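Take a look at the following structure, please.
The values are calculated or read from the model by the stated rules, or taken from the named source; none is laboratory data. This one's a predicted model, so the numbers in the text were calculated from it and none came from an experiment. Backbone-built Cβ (ideal geometry, glycine too); neighbour counts: all protein chains shown. Side chains are part of the model used for accessible areas, which takes the heavy atoms of the whole protein and leaves out ligands, DNA and RNA. Shrake-Rupley method; radii C 1.70, N 1.55, O 1.52, S 1.80 Å.
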Amino acid sequence: MALRTIRKEGDEILRKKSREVTSFDDRLHTLIDDMYETMVAAPGLGLAAVQVGVLRRVAVIEIDDKKYELINPVIIQSEGEDIDVEGCLSLPDYYGTVKRPMKIKVRYLDRYGKEQYAEAEGYAAHCFCHELDHMDGILFRDKVIEEIDPADLEEREKQSEEDK
Ligand code: ZN
């Protein structure tokens with residue numbers, strides 16, 4: 001496994017549409033393993049292949065101790081809405097609130113090309129939608145409702161912990 005370079009906003013590749021994966025070979029497995037290692041090292045909750053310069057519909061996500069490898073994912077159900085703060089490894093030090101569905105169901109392929117389904121709710125739904133947007137060249141900045149000063153983030157997180 002190897003760490004890959006994370007592309008930053010301004011790099012044109014981040015605005016391109018990724019293509020579907022058609023071969024589930026060692027090359028794909030290496031890409032996924034490298035992406036996971038790169039995400040953990042960053043650290044981040046999710047990473048799309050385009051962020052390491054590969055225009056394929058692949059994302060890795062790790063949230064609530066669950067690890068997902070999403071290939072050619074499609075949202076097949078969504079309900080409700082939820083506004084929360086997002087960040088992105090390609091947009092360092094930029095944070096803002098984004099509106100996403102509260103709950104989604106996704107159909108995708110695993111690294112062996114087998115069809116799988118996943119459900120995500122709350123912040124996990126934010127992560128899934130955020131990574132799927134990357135596959136279509138969309139950055140979360142395009143959807144930000146209110147920009148959040150990084151210095152205020154900790155205070156906000158404390159506040160939302162107390163609200164629970
Ligand atoms: Zn991102």
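Inspect all residues belonging to segment 109-127 and state whether any of them is closer than 17 Å to residue 51 by Cα and within 16 Å of the ligand (Cβ to nearest atom). Step through it out loud before you land on a result.
So in segment 109-127, the residues closer than 17 Å to residue 51 by Cα come out as 127.
Next, from what is left, pick out any that are within 16 Å of the ligand (Cβ to nearest atom): 127.
Checked against the condition, which is being closer than 17 Å to residue 51 by Cα and within 16 Å of the ligand (Cβ to nearest atom), segment 109-127 yields at least one hit.
Let me ask something else. Among (1) open to solvent by less than 10 Å² (accessible area, probe 1.4 Å); (2) closer than 25 Å to residue 9 by Cα, where does residue 120 come up short?
It is condition (2) that residue 120 fails.
Suppose we filter segment 64-82 for residues that are closer than 24 Å to residue 146 by Cα and surrounded by 12 or more Cβ atoms within 10 Å (Cβ to Cβ); how many remain? Let's see the steps before the verdict.
Kept after step one, since they are closer than 24 Å to residue 146 by Cα, are these residues of segment 64-82: 78-82.
Narrowing the set further to residues that are surrounded by 12 or more Cβ atoms within 10 Å (Cβ to Cβ) leaves 78, 80, 82.
Count: 3.
If you don't mind, another one. Can you name the strands (runs of 3 or more DSSP E) wholly within segment 69-164 that have at least 2 residues being under 21 Å from residue 18 (Cβ atoms)?
Working: elements: 82-88, 91-100, 103-109, 115-121, 146-148.
Those strands (runs of 3 or more DSSP E) span 82-88, 91-100, 103-109, 115-121.
Here's the yes/no breakdown for (1) in contact (Cβ under 8 Å) with a residue 40 or more places away in the chain; (2) open to solvent by 60 Å² or more (accessible area, probe 1.4 Å):
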| residue | (1), (2) |
| --- | --- |
| 23 | no, yes |
| 32 | yes, no |
| 46 | yes, no |
| 116 | no, no |
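Let me ask you something else. Of the numbered conditions (1) more than 16 Å from the ligand (Cβ to nearest atom); (2) closer than 24 Å to residue 3 by Cβ, residue 105 fails exactly one; give the number of that condition.
(2)
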